[in-house]
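Below you'll find the structure, written out as structure tokens, and then a few comments.
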Amino acid sequence: MKKYRIVFAKSFKSQMIYRAATLSSIAGTLLAFAIQLCLWHALLGTGVQENTDFSDMVLYVLVNTLVLTLTSANIAAAVEGAVMDGSISMEIIRPISYKYYQLASILGRNAFQVVTNVLPIAVISIFLIDIPLRLSAAQLAGFVVSLVFGILLMFEVTYIFGLLAFRIQRCWYLGFYIRGLNVFFGGTAVPLWFYPGWLQKVSYALPFRYITFEPVGILLGRTQGNEIWMSLLVAALWLLVLNAVDHLMWRSAVKGLSVNGG
């Protein structure tokens with residue numbers, strides 16, 4: 001575990017070098033947050049839709065921003081670059097798991113984004129907006145576990161898509177498909193409780209719901225009691241399935257790997 005903590009720390013510190021990019025990212029996150037608040041204020045105003053008022057949506061957008069930041073990952077671009085320039089041959093012989101190296105590196109970058117991007121928004125929200133948040137111990141525990149599952153699920157999905165680079169080489173564009181599916185079936189733009197019933201049922205059969213929507217739903221009290229345990233169970237099953245898939249894909253990819261004729 002120590003070597004992965006080192007990777008995490010180095011990834012976190014490396015983000016401090018690009019100050020201009022950090023400032024741009026902060027500005028972009030604040031702007032996106034403000035736009036969403038204005039949009040939901042225009043849609044809801046002082047009214048209530050689907051048992052949701054504007055204060056609920058402020059909290060939803062805030063927590064959703066946190067979860068999206070923590071679960072952000074694009075392994076496809078990283079794997080594609082390593083395959084194209086041949087550096088993958090050196091990376092896979094390191095005395096460290098390539099998969100968990102990528103995970104630690106992503107977590108380091110995302111943690112930095114949380115500190116620089118999400119915390120300022122949280123502070124602004126706490127002091128300027130009345131946020132209704134009443135947490136029980138079960139809610140908090142369920143949220144933390146569901147958030148961890150969400151982070152791992154997003155990593156697994158992007159990692160599996162990234163492994164396609166061993167076969168098709170050019171796969172950077174797959175990140176757009178992943179983000180699109182996550183937005184539509186993960187409720188990252190519009191909460192799934194606003195969706196029609198049949199579309200909500202479809203979302204239950206896909207892993208994207210459990211990446212961001214379910215952690216947020218548990219924290220907001222939309223998912224309660226046995227529903228929390230069912231959500232965690234389904235997320236855990238998806239993790240097992242995706243882990244088995246990526247294991248098979250990795251074995252096949254490494255076996256058929258050929259770099260510069262090697």
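Quick notes
- Top-ranked residue of the range 148-177 - restricted to ones that are modelled with pLDDT of 80 or more and hydroxyl-bearing (S, T, Y), ranked as most open to solvent (accessible area, probe 1.4 Å): Y177
- Under the condition of being at pLDDT 80 or above and open to solvent by 30 Å² or more (accessible area, probe 1.4 Å), the residues counted in the range 63-82 number 4.
- Options A34, A111, A122; residue that is among the small types (G, A, S), open to solvent by 40 Å² or more (accessible area, probe 1.4 Å), within 30 Å of W193 (Cβ to Cβ) and at pLDDT 80 or above: A34
- Taking the range 178-207 as the range and being open to solvent by 20 Å² or more (accessible area, probe 1.4 Å), within 22 Å of E156 (Cα to Cα) and either out of contact with any helix residue (DSSP H, G or I) (no Cβ under 9 Å at 6 or more places or on another chain) or of a type in the set (A, V, I, L, M, F, W, C) (or both) as the test, the residues that pass are R179, G180, L181, V183, F184, F185, A189, V202, A205, L206.
- From the options I96, I121, residue that is touching a residue at least 60 places away in the same chain (Cβ under 8 Å) and assigned to a loop (DSSP other than H, G, I, E, B): I96
- Verdict on L39 being in a helix (DSSP H, G or I), open to solvent by 90 Å² or more (accessible area, probe 1.4 Å), at pLDDT 80 or above and of a type in the set (A, V, I, L, M, F, W, C): yes
- Test result for K2, within 30 Å of V254 (Cα to Cα) and either aliphatic (A, V, I, L, M) or surrounded by fewer than 17 Cβ atoms within 10 Å (Cβ to Cβ) (or both): yes
- Any hit, the range 229-251, residues being in a helix (DSSP H, G or I), open to solvent by 70 Å² or more (accessible area, probe 1.4 Å), within 25 Å of V79 (Cα to Cα) and in contact (Cβ under 8 Å) with a residue 24 or more places away in the chain: no
- Only a single criterion out of (1) touching a residue at least 40 places away in the same chain (Cβ under 8 Å); (2) open to solvent by less than 10 Å² (accessible area, probe 1.4 Å); (3) touching a Gly at 6+ places or on another chain (Cβ under 8 Å) is not satisfied by T223, namely (2).
- Residue identified as in a helix (DSSP H, G or I), at negative phi and within 22 Å of the chain's Cα centre (by Cα) among S25, S89: S25
The values are calculated or read from the model by the stated rules, or taken from the named source; none is laboratory data. All figures in this text were calculated on a predicted structure; none of them were measured in a lab. Ideal geometry is used to build each Cβ from the backbone, glycine not excepted, and the neighbour counts take in all protein chains shown. When the accessible area is computed, the model is the full protein with side chains, heavy atoms only, and any ligands, DNA or RNA have been set aside. Shrake-Rupley method; radii C 1.70, N 1.55, O 1.52, S 1.80 Å.
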